[in-house]
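These notes concern the structure reproduced below.
Read-outs throughout are calculated quantities, based only on the coordinates presented, and are distinct from any laboratory measurement. Keep in mind it's a predicted model, so treat the numbers as computed, not measured. Don't worry about glycine lacking a Cβ; one is built from the backbone with ideal geometry, like all the others, and counts go over all protein chains shown.
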Amino acid sequence: MVFKEGKIVDSFSVKGKGGEKIQVIFRYLKKGDVKACLKMVNSIRSEAECLGQRRMETLKTERDWLKKQLEDIRKKKAVDVLVEAGGKLVGDASIHPYNYESGAHVGTFGIMLKEEFTGIGIGTRLGKKILELAKKETTYKIIESGHFSKNRRSAKLHKRLGFTKCGLLPNGSLLKNGGYDGTVWLYKQIKKL
């Protein structure tokens, strides 16, 4: 698959939590997504307890993020897939560059999904798709990730995606209520070293 802004990379239907049929589309980012992405990310951040980023984005910060993400995708340093359900953006998964030059062969996995769309198979399918695209469209050989230790849903997702736990940082995550939780570190090798 070759990156093209807005290109659909998967389309399917699932049964919603209320039994309704939901049409789901996974697609690549495009320049025109900035306002919809801003609304989605701020909505997810306001409802989720276990996300690493909590600050609310502005139109400027989201525009800057989108510009950088599209540049990294074109340079094969990132992949990013948006989730549409009912014509609205409801989630995102990405593999982006690791923080250090010595880890140029390592990508960082991130995923978020609005609460009402969790637990119905979308997240697992999205995780599999982003890892498949990272293997084809980037030079990364290892994907690293992390989650709050109390986040059982994320732990199950990482296990289903084939990640291996490699560490725990006690009290490494600050909770919204001011308390602390451990941070679990994981990795998945996607290409031969």
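A few points about this structure:
- For the range 54-139, the spread of Cα positions along the three principal axes, ordered from largest to smallest, is 39, 31, 22 Å.
- When the C-alpha to C-alpha distance is required to be over 31 Å, the pairs from LYS7/LYS176; LYS30/LYS165; LYS7/LYS156; LYS88/LYS156; LYS21/LYS141; LYS39/LYS176 that qualify are LYS7/LYS176; LYS30/LYS165; LYS21/LYS141.
- Kirkwood analysis of the Cα pair distances in the chain returns a hydrodynamic radius of 17.2 Å.
- Taking all Cα pairs closer than 8 Å and separated by 6 or more residues, the relative contact order of the range 28-133 comes to 23 percent.
- A straight Cα-to-Cα reach below 19 Å connects LYS67 with the aspartates and glutamates GLU5, ASP33, GLU57, ASP80, ASP92, GLU137, residues fewer than 8 places away in its own chain not being considered.
- Length released on extending from ILE8 to MET56, taking residue separation times 0.36 nm less the Cα-Cα span: 14.5 nm
- Zone residues, the range 12-34, relative to GLU116, backbone N less than 16 Å from point 7 Å out along Cα-to-Cβ: 14-25
- Ranked by how many other beta carbons lie within 10 Å on average, peptides 130-139, 98-107, 114-123, 12-21 from highest: 130-139, 114-123, 98-107, 12-21
- Measuring between alpha carbons in the structure, the pairs from LYS114/LYS159; LYS17/LYS192; LYS60/LYS191; LYS31/LYS159; LYS68/LYS129 lying more than 29 angstrom apart are LYS17/LYS192; LYS60/LYS191; LYS31/LYS159.
- With both labels modelled 7 Å from their Cα along Cα-to-Cβ, the HIS105 to ILE25 distance reads 3.9 nm.
- With a cut-off of 12 Å between beta carbons, the residues surrounding TYR187 carry a summed charge of +2, where Lys and Arg count +1 and Asp and Glu -1.
- Take every Cα pair under 8 Å whose residues are at least 6 apart in sequence, average their separation, divide by the length of the range 73-141, and the relative contact order is 34 percent.
- Dipole in debye (nearest 20) - the range 1-54, about Cα centre, beta carbon charges: Lys, Arg +1; Asp, Glu -1: 180
- Cα pair distances of the range 102-143 binned at 5 Å [whole percent]: 5, 21, 27, 17, 14, 10, 5, 1
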